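In what follows, a single structure is set out as structure tokens and then discussed.
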Amino acid sequence: MMWGRVFIVDDEPDLRASVVQALDLAGFDTRDFALADRVPELVSYGFPGIVLTDIRMPGIDGLSLMNRIHAIDRDIPVILMTGHGDVQLAVRAMHEGAHDFVQKPFAIEQLIKIISRALDVRRLVLENRTLRAVAGQIDDLETRLVGRANAMIDLRRRVRTLGPSETDVLIVGETGSGKEVAARALHDLSPRAQRPFVTIDCASLPADLIESELFGHEAGAFPGAMRPRYGRFEHARGGTIVLDDIASMPMAVQGKLLRAIEGRVITRLGSNEDYALDVRFMTTSRVALEAEVAAGRFRADLLYRLNVVTLRIPSLEERREDIPLLFLRLLTEAAARHRVEPPTVPPAFISALASRAWPGNVRELRNLADRFALGLGFDHGDTQARSAEKLSDKVADFERREIEAALTAHHGHLRPVYETLGLSRKTLWEKMQKYGIDKTQFAASPPAEG
């Protein structure tokens with residue numbers, strides 16, 4: 001008997017019976033339901049299994065069932081069964097957290113593979129939870145994707161969900177926001193973690209050799225090709241390929257890339273033989289690929305294949321409350337890298353960081369931390385005015401940022417904070433309550449993201 005349970009939910013008795021019989025013969029522990037209403041009662045945060053459900057059913061439909069299950073535990077894999085007319089609906093559901101979908105009629109071998117992978121994902125999730133609980137360790141993602149902003153909390157949740165899966169992922173975000181950090185975290189949470197992690201900068205590939213670089217070539221494929229050569233894709237066997245800045249990929253190569261992603265096969269230049277490709281693809285983009293499609297610079301079918309699951313990395317502008325904490329952690333790393341003592345940072349300086357524009361995002365903030373660690377200070381010439389606000393909102397925002405900056409600088413200790421700000425302990429406490437500031441969040445900070 002294989003590990004884990006499979007709940008099968010479908011109102012068609014013949015289909016349900018045939019799926020149950022096939023899965024039982026394959027060694028799965030199954031339980032079937034004609035209606036979805038009882039299923040949420042039978043799953044829990046520690047549920048050792050997955051759910052396979054039809055989308056269209058009377059009463060609670062498959063999408064509503066998925067949402068109810070994910071309200072209990074976001075990491076329970078839900079696989080959707082769909083008719084031809086519901087494929088777009090299923091794709092949209094994957095954006096919302098579905099593990100995978102199969103289109104009716106499906107081959108039972110295909111379904112067994114999908115279920116097996118989903119059970120592996122669930123088993124790893126439960127094992128990791130147990131190990132973390134026993135070791136009392138902080139989740140590793142907290143040390144990579146740093147931030148208290150809701151956008152970062154949601155990003156870490158999605159990375160935890162997607163990491164152990166085999167799903168290809170499109171990662172979008174502004175320059176310097178941490179797209180490759182998220183890709184690496186996804187890889188390290190996956191069963192491929194011990195296999196190669198290959199990043200390919202699409203913008204820097206030589207135009208005349210791009211196909212050879214990616215797919216490899218046989219001897220004599222072009223002038224100067226004296227011997228066969230593996231491409232970058234084959235070097236990533238069993239691991240993860242990150243196609244960085246995918247919008248820079250020439251149109252002439254996008255068709256071959258689509259074939260490689262869809263069929264997991266490549267053909268070397270000068271050869272007619274297909275080579276199987278056991279990899280997981282991740283792609284990153286700093287521009288809206290939909291706009292590139294509209295402009296005729298990117299294939300619509302390739303975009304459709306890439307954006308089944310999309311991770312969006314927030315810019316610093318969207319999480320300004322994280323900037324003080326992030327800067328201090330980057331400064332600590334910079335001081336260690338340059339072998340100097342971390343300099344003292346005045347609270348007013350930290351507060352000023354949150355009102356400045358950061359078009360280069362975390363990368364730009366890291367550069368500032370490097371300069372500050374070396375005693376080169378802060379360039380005020382790039383300060384950007386904040387959006388117009390009511391005076392009361394500006395005062396409240398200023399107070400909150402000053403208090404958070406002081407708490408950050410003094411590691412959550414209240415006495416130096418109220419002495420520095422010229423407040424009584426009672427007044428400081430009241431303002432912290434007013435702005436929802438928790439001092440324990442400033443007591444210790446994990447290392448910053450890259």
Where in the chain lies the longest segment free of GluC sites (Glu not before Pro) that are both loop residues by DSSP (not H, G, I, E, B) and have at most 11 other Cβ atoms within 10 Å? 97-272
Net +/- balance of residues flanking residue 287 in space, Cβ distance below 14 Å, scoring K and R +1, D and E -1: -1
Residue-by-residue Karplus 3J(HN,Hα) for the range 266-283, coefficients 6.51, -1.76, 1.60, Hz, glycine and proline x: 9, 10, 5, 4, x, 10, 10, 8, 8, 10, 5, 10, 9, 9, 10, 9, 10, 10
Given the -39500 (n - 2.57) contribution per DSSP H run of 4+ residues, what per-residue ellipticity at 222 nm results for the chain, rounded to the nearest 500 deg cm²/dmol? -13500 deg cm²/dmol
Mind listing the long-range amide H neighbours of residue 283? Cut-off is under 5 Å, sequence gap 5 or more, other chains count too, H placed in the peptide plane at 1.01 Å from N. 169, 170, 171, 243
Quick query: amide H of residue 240 versus all other amide H atoms, modeled in the peptide plane; which residues come in under 5 Å with a sequence gap of 5 or more or a different chain? 197, 198, 280
List every residue whose amide H lies under 5 Å from the amide H of residue 102, counting only residues 5 or more places away in sequence or on a different chain, with H placed 1.01 Å from N in the peptide plane. 80, 81, 82
Residue-wise HN-Hα coupling along the range 239-247, computed from phi with Karplus coefficients 6.51, -1.76, 1.60 (Hz; x: Gly, Pro): x, 10, 10, 10, 8, 7, 6, 4, 5
Long-range lysine pairs (8 or more apart or interchain), the chain, Cα under 21 Å: 8
Could you size up the charge dipole of the chain around its Cα centre, putting +1 on the beta carbon of Lys and Arg and -1 on that of Asp and Glu, and report it in debye to the nearest 20? 1060 debye
Helices from the chain with mean Kyte-Doolittle at least -1.0 and a Cα length along the axis of 30 Å or more, per DSSP H: which? 108-135
By Cβ neighbour count within 10 Å, fewest first, 431, 104 rank 104, 431
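None of the figures in this text is laboratory data; all of them are computed from the coordinates on show. This is a predicted model, so every value here is computed, not measured. Glycine also receives a Cβ, built like all others from the backbone with ideal geometry; neighbour counts cover every protein chain displayed.
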